[in-house]
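Enquirer: Here's a structure for you.
The values are calculated or read from the model by the stated rules, or taken from the named source; none is laboratory data. These numbers come from a predicted model, not from an experiment. Glycine gets a Cβ as well: all are built from the backbone with ideal geometry, and neighbour counts include every protein chain shown. To get the accessible areas, we keep the full protein, side chains included, count just its heavy atoms, and leave off ligands, DNA and RNA. Shrake-Rupley method; radii C 1.70, N 1.55, O 1.52, S 1.80 Å.
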Amino acid sequence: MTVRPVRLGPGDAPELFAAIMRSQALHLPWAPPPASEDELRASLAQPADARVSYGVRTGAGDLVGVVNLTAIIRGPFQNCFLSYYALTPFEGRGLMRAGLATVLDLVFGEHVLHRVEANVQPGNARSARLVRGLGFRLEGQSPRYLRIGGEWRDHDHYALTAEEWPGQGG
Ligand SMILES: CC(C)(COP(=O)(O)OP(=O)(O)OC[C@H]1O[C@@H](n2cnc3c(N)ncnc32)[C@H](O)[C@@H]1OP(=O)(O)O)[C@@H](O)C(=O)NCCC(=O)NCCS
């Protein structure tokens, strides 16, 4: 099955909020939900120079996951952070791997970024396997890195630069 990345905006909030709600068994404890549909809408309305959200859709239009590029920093850094989640019932079929690969093409192509960083909790084996499989390097451990579910959680710190992404050629 092929997938394509489609930019998400505030108008996608109702569809995405419902999909997140039905995905809670998959997402918890790694990716807590937004507090409300309005909070999700506000995050999808952020300016594109700060945050870009892609829905991963099948050819039939099913929304199978989301990939966010956040904290896009230009100048000599040209870096962003990557966050992602699959949406039930489409997880575990290789669609997120394919969707992330298409978004990474855009990160280094259309967005002309040089580096993308992903932070994964040490116990999140699925997520670690996903980024490692895409070529991300483990750069180190970051203690108490992100507050998730009310606690400061340690994260493993992965990154990928344009030189390491097939087709970019440095
Ligand atoms: C992490 C997540 C996005 C992976 O989505 P997915 O739909 O399983 O991804 P895919 O089907 O494309 O599989 C990705 C890889 O994980 C592997 N995988 C699937 N289930 C696994 C499991 N239980 N344990 C270890 N690896 C697993 C797949 O085999 C595949 O590996 P490979 O193709 O390199 O061999 C999904 O589990 C998720 O949404 N988790 C909750 C939110 C989250 O953790 N987000 C990331 C925060 S850092």
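Enquirer: Projected onto the charge dipole of the chain (+1 at Lys/Arg Cβ, -1 at Asp/Glu Cβ, origin at the Cα centre), which of N119, V52, V131 gives the Cα projection farthest towards the positive end?
Expert: Highest projection toward the positive end goes to V131.
Enquirer: When Lys and Arg each count +1 and Asp and Glu each count -1, what net charge do the other residues less than 12 Å away from R97, Cβ to Cβ, add up to? Show your work: numbers first, answer last.
Expert: Details: positive: R93, R126, R129, R132; negative: E91.
That works out to +3.
Enquirer: Okay, next question. Note down the accessible area of D38, probe 1.4 Å, to the nearest 10 Å².
Expert: Probe radius 1.4 Å; accessible area of D38 about 100 Å².
Enquirer: Compute the separation of the alpha-carbon centres of the stretch 128-158 and the stretch 16-89 and state it in Å as a whole number.
Expert: Computed from Cα coordinates, the inter-centre distance equals 17 Å.
Enquirer: Pop out the Kirkwood hydrodynamic radius of the chain from its pairwise C-alpha distances, inverse of mean 1/r, in Å to one decimal.
Expert: Numbers: mean 1/r = 0.0610 Å⁻¹.
Taking every pair of different Cα atoms in the chain, averaging 1/r and inverting gives 16.4 Å.
Enquirer: Give me the accessible area of T2, 1.4 Å probe, in Å² rounded to the nearest 10.
Expert: About 110 Å², rounded to the nearest 10.
Enquirer: P(r) of the stretch 1-81 in 5 Å steps, Cα pairs, percent per bin?
Expert: Answer for the stretch 1-81: a P(r) of 3, 14, 22, 24, 20, 11, 5, 1, 0 percent.
Enquirer: Another question about this same structure. Evaluate the relative contact order of the chain (contact order divided by residue number), counting alpha-carbon pairs under 8 angstrom at least 6 apart; express in whole percent.
Expert: Working: 295 pairs, mean separation 31.8, N = 170.
Taking the mean separation of contacting Cα pairs over the length of the chain, I get 19 percent.
Enquirer: Which value, in debye to the nearest 20, gives the size of the charge dipole of the chain about its Cα centre, when Lys and Arg are +1 and Asp and Glu are -1 at the Cβ? The partial results should precede the final answer.
Expert: Details: 17 positive and 17 negative charges, 55 e Å.
Computed charge dipole of the chain: roughly 260 debye.
Enquirer: At most 14 other Cβ atoms within 10 Å and a DSSP loop assignment: could you name the GluC sites (Glu not before Pro) in the stretch 101-170 that fit? It would help to have the intermediate numbers written out before the result.
Expert: Details: sites: E110, E117, E139, E151, E163, E164; in loops: E110.
Answer in residue order: E110.
Enquirer: Next question, about the same structure. Over the stretch 53-98, what percent of the accessible surface lies on carbon and sulfur atoms, probe 1.4 Å?
Expert: Result for the stretch 53-98: 60 percent of the exposed heavy-atom area is carbon or sulfur.
Enquirer: Heavy-atom accessible area of M21 with all protein chains present, probe 1.4 Å, nearest 10 Å²?
Expert: For M21, solvent-accessible area is about 80 Å².
Enquirer: For R153, which sequence-distant residues (separation of 5 or more, or a different chain) have an amide H within less than 5 Å of its own amide H, given hydrogens modelled in the peptide plane?
Expert: Close amide H contacts, sequence-distant or interchain: Y145, L146, R147, I148.
Enquirer: Still on this model: So which trypsin sites (Lys or Arg not before Pro) in the stretch 2-85 are both in a DSSP loop and have at most 14 other Cβ atoms within 10 Å of their Cβ? Show your work: numbers first, answer last.
Expert: Details: sites: R7, R22, R41, R51, R57, R74; in loops: R22, R74.
Answer by residue number: R22, R74.
Enquirer: For the stretch 7-49, what is Rg from Cα atoms divided by 2.2 N^0.38 Å, rounded to two decimals? Walk me through the intermediate numbers first.
Expert: On the way: Rg = 10.7 Å, N = 43, 2.2 N^0.38 = 9.2 Å.
So the stretch 7-49 has a normalised radius of gyration of 1.17.
Enquirer: Once amide H atoms are built 1.01 Å from N in the peptide plane, which residues 5 or more positions from L8, or in another chain, come under 5 Å H to H?
Expert: S53, Y54, G55
Enquirer: Something else: I need the shape label for the stretch 46-138. Rule: rounded when a/c is under 1.5, else prolate if a/b > b/c, else oblate, with a, b, c from the alpha carbon gyration tensor. The partial results should precede the final answer.
Expert: Values: a/c = 1.93, a/b = 1.30, b/c = 1.48.
It comes out oblate by the Cα gyration axes.
Enquirer: Turning to a different aspect of this structure: In debye, nearest 20, what is the charge dipole magnitude of the stretch 71-125 about its Cα centre with +1 on Lys and Arg Cβ and -1 on Asp and Glu Cβ, if you could check? Display every interim value, and only then the final one.
Expert: Values: 4 positive and 4 negative charges, 10 e Å.
The calculation lands at about 40 debye.
Enquirer: Just to check I understand the Karplus step: with θ = phi - 60° and J = 6.51 cos²θ - 1.76 cosθ + 1.60, what whole-Hz values come out for the stretch 16-21, glycine and proline as x?
Expert: 6, 4, 4, 5, 5, 4
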